[in-house]
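A quick write-up on the structure given underneath.
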Amino acid sequence: MQQDERISAKLKKFRPSLTLELKNEAQARRQRGETVFDFGLGETRGSHLDPVILEAGIEAFRHERTGYAEPAGLLELREQVLKWIPNTTHYSTDNVVISNGAKQSLFNIFLATCNPGDCVLFDSAPWVSYTPMANMAYTTPIQVLPFSRPNAYLKIGPEDLERNLTMRPHAKIFLLNNPVNPTGQLYDQGELDALLEVCSRHSVYFLLDRLYWKLVYDGAEYPEPYPNRLAPDWLIQVDGMSKNFSRAGGLRIGWTLAPRDVAKAMINLQSHYTSGPPTPLQYAALAAITKPYRGRLRRELQSRRDLLHECAKDIPHVKIWPTAGAFYSFWDVRGVFGKKVNNSDEVSYALAREGVIAASGSSFMQEGYLRFSFATTEDQIRGGMELAKKTILALK
Ligand code: PLP
């Protein structure tokens, strides 16, 4: 074996996950005693784990509920998932699989459904880990661009999907995250239904990553995909604990609602490599989704969104998009280019050098933008926006 063959060619191409890179940068600055305004977060800061979740986890350990669960996940949790997600009357617990976070749910789906060389289609600003996952499953990742809707904040339309599917006979999955990380946009009911209809007509899976579905603002209703007569064989939904609950990302619990054959294949796969997520954490998740969801986190985040947009509104040369869901503010920073910086990575590094951490759009296949997470404290938002403004002014 040659020295350069020690790591597989596939893995050598991977960059570490962007959010982790930003986390490390912020950590290093803190260790040096420097101020950090961290907007790179993919999880909520400034609020606590719900005591109900905490107690359920402690209770599970106390009563030694620490043996193996079924590879599909605890039956009680699968039953509760069917109540947590609307429109599930025609599903049973055989359609539900519990995994180690939504990441593993997605990866399991790719492995369970795709053959090498199949195409997995994403919308126009795919979340940072979708492409590595598609690569690991030996599939070809395809970004669908919004040609039919140039002014819809990067949301694609049915014509865009139709064109891509017609060109690609090996298309297997169209993956949509709604609301969208990174852009903070929300596909409405009509937009969603139209995309689902295209997928079911082409016999392609419509994979909905609904991880932020409880976090939609300004009184909006989450548009549910209704698996009507056409769609049930082609609709797969992924959800989990990581975003809709404070400080719950590290529980590593996600779930999938899928047609029975897909769920069966995922369980088979999972039984050979994780045997399912830790049992006590499944009990913690069960408590979380059994309790009525009162929307406190949503209200907190909406007010932080408003604060960030208020503090940032007069930053020159930057267009800030409205945020309808998730906890990200998406900024078009192309107006800053030309003198000291020429792309969004350079803007992101310039901000990081001053202590403001934000993700560059290039990590989401959208050069020219920055993503700011507002799932942080009000002080961070106030201080960070002031410094961002000063830094951006100095770049132009
Ligand atoms: N999907 C999206 C859009 C995400 O933003 C994330 C996490 O940041 C995931 C999936 C993965 O979630 P989990 O932490 O539950 O694995």
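The values are calculated or read from the model by the stated rules, or taken from the named source; none is laboratory data. Because the structure is a prediction, the values reported are computed rather than measured. All Cβ positions, even for glycine, are placed from backbone atoms using ideal geometry, and neighbour counts span all protein chains on display. Quick note on the areas: whole protein, heavy atoms, side chains included, nothing else; ligands and nucleic acids left out. Shrake-Rupley method; radii C 1.70, N 1.55, O 1.52, S 1.80 Å.
On full extension, the segment bounded by Lys12 and Leu307 gains 102.1 nm, given 0.36 nm per residue less the C-alpha separation.
The modelled label-to-label distance between Thr290 and Glu64, using points 7 Å beyond Cα along the C-beta direction, is 2.2 nm. Return the long-range amide H neighbours of Ala72 (sequence gap of 5 or more, or a different chain), with a cut-off of under 5 Å between placed amide H atoms. Long-range HN contacts for Ala72: none found. Near Glu221: Cβ cut-off under 15 Å, other residues only, Lys/Arg at +1 and Asp/Glu at -1. The net charge is -2.
Put simply, the amide H of Gly240, placed in the peptide plane, has neighbours under 5 Å in Trp255, leaving out anything fewer than 5 places away on its chain. Summed over the residues of the chain and divided among them, the accessible surface reaches 44 Å² per residue at a probe radius of 1.4 Å. Less than 5 angstrom separates the built amide H of Asn177 from those of Asp123, Asp209, all sequence-distant by 5 or more or on a different chain. Look at where the Cα atoms of the range 334-396 and of the range 112-148 average out, and the two centres are 27 Å apart. Per q in 0.09, 0.12, 0.14, 0.16 1/Å, what log10 I(q)/I(0) does a Debye calculation on the alpha-carbon atoms of the range 124-267 return? Once normalised to I(0) and log-transformed, intensities are -0.27, -0.50, -0.69, -0.92.
Using a 1.4 Å probe and counting only protein heavy atoms, arrange Glu367, Glu300 so the residue with the most accessible area comes first. Spell out each step's value before the answer.
Values: Glu367 85, Glu300 45 Å².
Listed by decreasing accessible area, they come as Glu367, Glu300.
The Lys396 and His170 beta-carbon pair, evaluated with R₀ = 51 Å, returns a calculated FRET efficiency of approximately 0.65.
Heavy-atom accessible area with a 1.4 Å probe sorts Arg353, Arg15, Arg382, Arg252, largest first, into Arg353, Arg15, Arg382, Arg252.
For Glu5, Glu346, the ranking by accessible surface with the largest value first comes to Glu5, Glu346, using a 1.4 Å probe. With a simple spin-label model that places each label point 7 Å from the Cα along the Cα-to-Cβ direction, the separation between Asp94 and Gln3 comes to 5.6 nm.
Working note: Karplus 6.51/-1.76/1.60 with θ = phi - 60° gives the range 295-302 the couplings x, 5, 4, 4, 5, 4, 5, 4 Hz, where Gly and Pro are set to x. Rounded to the nearest Hz, the phi-derived 3J(HN,Hα) couplings of the range 83-91 under the Karplus curve 6.51 cos²θ - 1.76 cosθ + 1.60 (θ = phi - 60°) are 8, 5, 8, x, 6, 10, 4, 8, 9, where x marks glycine and proline.
How big is the Kirkwood radius of the chain, worked out from every pair of different alpha carbons and given in Å to one decimal? Intermediate values should be presented prior to the final figure.
Values: mean 1/r = 0.0457 Å⁻¹.
Every distinct Cα pair counted, the radius reaches 21.9 Å.
A protection proxy built from the mean count of other Cβ atoms within 10 Å ranks the segments 239-247, 334-342, most packed first, as 239-247, 334-342.
Just how far, in whole angstrom, is the range 17-82 from the range 191-262 if you go by their alpha carbon centroids? The two parts, judged by their Cα centres, are 21 Å apart.
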